[in-house]
1. Within segment 359-366, can one find any residue that is at pLDDT 95 or above and closer than 30 Å to residue 263 by Cα?
2. Are any of the residues in segment 374-381 in a loop (DSSP other than H, G, I, E, B), at pLDDT below 95 and assigned by TED's automatic domain parsing to the domain that holds residue 280?
3. Mind telling me which of the residues 113, 121, 117, 148 ends up being at negative phi and under 19 Å from the mean Cα position of the chain (by Cα)?
4. If I filter segment 169-184 for residues that are in the same structural domain as residue 267 (by TED's automatic domain parsing), within 17 Å of the chain's Cα centre (by Cα) and in contact (Cβ under 8 Å) with a residue 60 or more places away in the chain, do I get at least one hit?
5. Please work out if residue 97 is in the same structural domain as residue 144 (by TED's automatic domain parsing), on the phi > 0 side of the Ramachandran plot and surrounded by fewer than 22 Cβ atoms within 10 Å (Cβ to Cβ).
6. Does any residue of segment 71-80 turn out to be at pLDDT 95 or above and assigned to a helix (DSSP H, G or I)?
7. Having 1 or more residues that are in contact with a helix residue (DSSP H, G or I) (Cβ under 8 Å, 6 or more places away or on another chain) and within 25 Å of residue 94 (Cα to Cα) is the bar; report the helices (runs of 4 or more DSSP H) wholly within segment 27-68 that clear it.
8. Would you mention how many residues in segment 304-345 are surrounded by fewer than 17 Cβ atoms within 10 Å (Cβ to Cβ) and in a helix (DSSP H, G or I)?
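The values are calculated or read from the model by the stated rules, or taken from the named source; none is laboratory data. If you're wondering where the values come from, they're calculated on a predicted model, not measured in any experiment. Here Cβ is always computed from backbone atoms with ideal geometry, including for glycine, and neighbour counts include all displayed protein chains.
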């Protein structure tokens, strides 16, 4: 195909895919200075002006000419906003790649661009399947792929090669008969504040405090599965795992933070949200940093999490009908938090809570129904307190 004459223009009225021009060289060069762009792609680092010139004036036209790669400039709000490309199209299967300029992120630009390119691949290029891949940890790219309908996600250890270093990759795909819409639920993690605490998403800045809390003897007593010693790497793995929970639809996990300093005081989660037996049920779990104990922090945090869990899906909550909670029988503090928040003791599982020394405590089970929550009517009616 001749470049740029034969490059099809694709648009959905807000986002347009078009041929690159020399006017895009400057914006493309600036986009590639972004640390996140360099972290998650294979572009040269440092990225020079000559790299942008070569890519836009040589590599992209050559790809269109020999059919090895079809790359479009993404135009949004009258500006260059990134690039999306289709490549390796032999045997009816292609692979998509994309990058968006920092200024355009958060506006759904990349999702729209990917859908345009994928639809063109199926309807005009005759592809049967399009593959997406990204280095593990690139949650922005994974979210775009999820929103565009990619599914059957797998993790391939050391599948990717970035500047001579092997990295684990996520891989997913979509077929021509699939809807280009999200499959499953990716739970948002909202900031919820009240009663002297703030619930917010966990982040890398919390790793030191997570490590300190999980090395605490009291925490380790009740969470026997924690690594010992608990390292900073373990903390970062934990934080990444909570993001994965949300992305997989399994749970929502918050940092409990001081509303003034934003310092982490603990962790609370609503999980098992895809329950195999009953998907309207969830479990509440929590742990506190030693600094937060004895201050009512956990009771307040559980109250906020429970209210969000019972808030209907259409109002941004988790839409739970019933919540369960478990506490080791000797852990009076944890049981007190449950009871303060209205949980009802429903039974005792004998020798069901493991300790690190190989012994087992009895496990108390609690539950709480949405209809028992004091704000039940308000939650249903979406009436603010």
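1. Yes, because at least one residue in segment 359-366 is at pLDDT 95 or above and closer than 30 Å to residue 263 by Cα.
2. There is at least one residue in segment 374-381 that is in a loop (DSSP other than H, G, I, E, B), at pLDDT below 95 and assigned by TED's automatic domain parsing to the domain that holds residue 280.
3. On inspection, the qualifying residue turns out to be 148.
4. No, there is no match, as no residue in segment 169-184 is in the same structural domain as residue 267 (by TED's automatic domain parsing), within 17 Å of the chain's Cα centre (by Cα) and in contact (Cβ under 8 Å) with a residue 60 or more places away in the chain.
5. Considered against the rule, which asks whether it is in the same structural domain as residue 144 (by TED's automatic domain parsing), on the phi > 0 side of the Ramachandran plot and surrounded by fewer than 22 Cβ atoms within 10 Å (Cβ to Cβ), residue 97 comes out as no.
6. Initially, segment 71-80 is screened for residues at pLDDT 95 or above, giving 71-80.
If we keep only those that are assigned to a helix (DSSP H, G or I) as well, we get none.
No: zero hits.
7. Working: elements: 35-40, 49-54, 60-66.
The qualifying helices (runs of 4 or more DSSP H) are 35-40, 49-54.
8. Qualifying residue count for the region: 8.
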